[in-house]
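The values are calculated or read from the model by the stated rules, or taken from the named source; none is laboratory data. Nothing here was measured: the structure is a model prediction, and the numbers come from that model. Every residue, glycine as well, gets a Cβ built from its backbone with ideal geometry; the counts of neighbours run over all protein chains shown. These accessible areas exclude ligands, DNA and RNA; they are computed on the full protein's heavy atoms, side chains included. Shrake-Rupley method; radii C 1.70, N 1.55, O 1.52, S 1.80 Å.
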Amino acid sequence: MIIKNITIQHFKNIQNLSLDIDDNSFELNAHNVWGKSNTVDAILWLFTDKLRNASSDIQSIKAKPIANDPTPSEQSKTATVIIATDVGTFQKSYYEVWKTIRGIERKVLEKHETSYMIDNVKHTKSSYENELALRLKMPLQFIPILMVADYFGKTLDYKERRKIIVDLVGDITVDEVIEEYPQLERARALFNG
């Protein structure tokens, strides 16, 4: 997959960003608090519903509200990420619906939803994920591993790491381990038990 453009609106500290990418690879160089990490989080959220820390907490993607403003602004109610690639254009939007209740001074959150689109066609979450994996030709769980250097070793727990490795190379038996490392024979009971 070759990314051609990334558009991010109202995602964490990024109000409105559009990056046109001309090469097969790119790097983000900028001063602190520019939004480099949040750009990576936006890409991961679009592809996996998770952030660099493996969180899927929807509250953490929302634009930062204006201080001391009791009514959420339009920016704090929406977040949109669009990535145009050589295999399609992918869009995910989070939005909140607020309503006014009689007798209450401020609006109250009624519901929030996430919409999924590929090439301007709406999808359910599961059809979006399936189509995305088909177009990318890889399981979506590999995306953060490829994008974030220490994700595999530091963020995933050992069970998830082991599952990925087994899925890639196959499982091995205790006998195969001991055959390769005979000094582990005394530990056979621990392996089996």
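Among the residues of region 42-78, just one is among the small types (Gly, Ala, Ser), buried (at least 17 other Cβ atoms within 10 Å of the Cβ) and at pLDDT 75 or above, namely Ala42. Applying the condition of being part of a loop (DSSP other than H, G, I, E, B) and among the β-branched types (Val, Ile, Thr) to region 92-106 and asking which residue is nearest to Ile61 (Cα to Cα) yields Thr100. Of the residues making up region 1-51, those that are in contact with a helix residue (DSSP H, G or I) (Cβ under 9 Å, 6 or more places away or on another chain) and of a type in the set (Asp, Glu) number 2.
I'd like to know if region 82-92 contains one or more residues that are in contact with an Asp or Glu (Cβ under 8 Å, 6 or more places away or on another chain), at pLDDT below 90 and open to solvent by 30 Å² or more (accessible area, probe 1.4 Å). No, region 82-92 contains no residue that is in contact with an Asp or Glu (Cβ under 8 Å, 6 or more places away or on another chain), at pLDDT below 90 and open to solvent by 30 Å² or more (accessible area, probe 1.4 Å).
In region 179-193, the count of residues that are open to solvent by 80 Å² or more (accessible area, probe 1.4 Å), more than 29 Å from Thr48 (Cα to Cα) and polar (S, T, N, Q) is one or more.
Restricting Leu184, Leu168, Leu146 to residues that are more than 28 Å from Lys77 (Cβ to Cβ), in a helix (DSSP H, G or I) and either over 31 Å from the mean Cα position of the chain (by Cα) or among the β-branched types (Val, Ile, Thr) (or both) narrows the list to Leu184.
Contact annotation: residue pairs with Cβ atoms under 8 Å, 6 or more positions apart or on different chains, pairing a residue in region 173-184 that is more than 19 Å from Arg162 (Cα to Cα) with a partner that is surrounded by 13 or more Cβ atoms within 10 Å (Cβ to Cβ) and among the hydrophobic types (A, V, I, L, M, F, W, C), are Leu184/Val177; Leu184/Ile178.
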